[in-house]
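Participant: Below: one structure in structure tokens.
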Amino acid sequence: MNEVTTIENLPIDPMVSMIERVASDPNSDIEKLAKMLEMKERYDANQSKAAFDSAFAKASAEFPEIPLNGKNNHNGQSYALLKDIIRQTRPVLAKHGIALSFSTETDEHNVTVTAELSHEGGYTKRNSLPLPQDKGAGRNAVQAVGSSQTYGQRYTAQAILGLSLGEDTEDDGRASGPAPTAKRVQDPWTATILADLPESSTDRDKAQAITAAICSQWKRMKGLRQISNEWDRRAHLIAGDKGLEGKHPDLHETVVDAYELRRQEIEENAA
């Protein structure tokens with residue numbers, strides 16, 4: 001009885017009620033009904049995205065520090081392994097109703113890896129990365145696909161989660177097999193930040209999105225060395241004539257101020 005009462009007392013969506021009234025009227029305008037349905041679909045989509053954005057913002061603020069256990073044998077730099085990224089972020093994502101998954105498409109020469117963040121509210125965010133099959137010496141066809149797949153999953157996971165974990169442009173992925181070299185991965189982190197912007201976005205809109213993302217990165221840093229390394233990784237976006245410094249001095253100032261504030265907080269916490 002209580003369950004029935006609870007269901008009956010649930011709030012009714014006024015837009016749904018309006019659509020039901022129009023649909024039940026034999027004299028209603030079909031074109032008008034179609035427009036109302038389209039409006040409802042857009043509204044629901046916007047609500048789903050807003051719920052995802054809110055949940056992901058909370059989740060990303062809670063991501064723990066991810067160890068850089070991978071080693072680039074070409075330049076000696078460290079990076080995070082796929083298994084560590086998943087192990088450290090999955091519990092936090094699940095807490096906020098988000099799941100990370102991957103899909104792969106292959107053809108004769110290429111492998112396209114797609115990372116998906118799916119929210120319980122219905123919204124899904126995707127990031128895809130096309131790669132050549134890693135047909136290195138001694139690899140059969142299955143191993144060639146598997147090597148590229150693991151490499152692609154690590155990069156797309158890192159990008160879609162907004163993480164900075166070692167090199168952003170290229171590494172050899174020796175922890176899971178040598179990485180493909182026919183194509184160079186160009187800043188997937190920035191590409192993911194801009195992916196959700198509408199096509200009509202101006203350069204200023206894009207710069208503001210990048211500024212917000214960088215400032216969010218500062219807040220995640222927990223040590224002076226870590227935040228200094230993060231500055232180095234984003235320096236091409238921040239400094240110089242082609243970065244925020246030359247194109248949007250006010251946004252450059254915002255990034256610098258946020259950086260200095262976070263460094264001060266880290267120093268005070270360490271004292």
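Participant: Quick one: in region 89-115, which of the residues that are loosely packed, with under 15 Cβ neighbours inside 10 Å and small (Gly, Ala, Ser) is nearest to residue 150 (Cα to Cα)?
Facilitator: Restricting to residues being loosely packed, with under 15 Cβ neighbours inside 10 Å and small (Gly, Ala, Ser), the top hit is 103.
Participant: Among 241, 232, 203, which is the only one that is acidic (Asp, Glu), surrounded by fewer than 12 Cβ atoms within 10 Å (Cβ to Cβ), in contact (Cβ under 8 Å) with a residue 40 or more places away in the chain and in the same structural domain as residue 267 (by TED's automatic domain parsing)?
Facilitator: Working: 241 fails: in contact (Cβ under 8 Å) with a residue 40 or more places away in the chain; 232 fails: in contact (Cβ under 8 Å) with a residue 40 or more places away in the chain.
None of the others qualify; the one that does is 203.
Participant: Here are some residues: 194, 224. Which one is modelled with pLDDT under 85 and either in contact with a Lys or Arg (Cβ under 8 Å, 6 or more places away or on another chain) or β-branched (Val, Ile, Thr) (or both)?
Facilitator: Only one candidate qualifies: 194.
Participant: Consider region 116-148. How many of its residues are out of contact with any Phe, Trp or Tyr (no Cβ under 8 Å at 6 or more places or on another chain) and either surrounded by 16 or more Cβ atoms within 10 Å (Cβ to Cβ) or at pLDDT below 85 (or both)?
Facilitator: So the answer is 20.
So that you can scan it fast, the table gives a plain yes or no per residue for (1) at pLDDT 85 or above; (2) part of a strand (DSSP E or B); (3) among the charged types (D, E, K, R):
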site	(1), (2), (3)
50	yes, no, no
55	yes, no, no
58	yes, no, yes
66	yes, no, no
75	no, no, no
100	yes, yes, no
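The values are calculated or read from the model by the stated rules, or taken from the named source; none is laboratory data. Remember, predicted model here, so these are calculated numbers, not experimental data. No Cβ is skipped: glycine too gets one built from the backbone with ideal geometry, and neighbour counts run over all protein chains shown.
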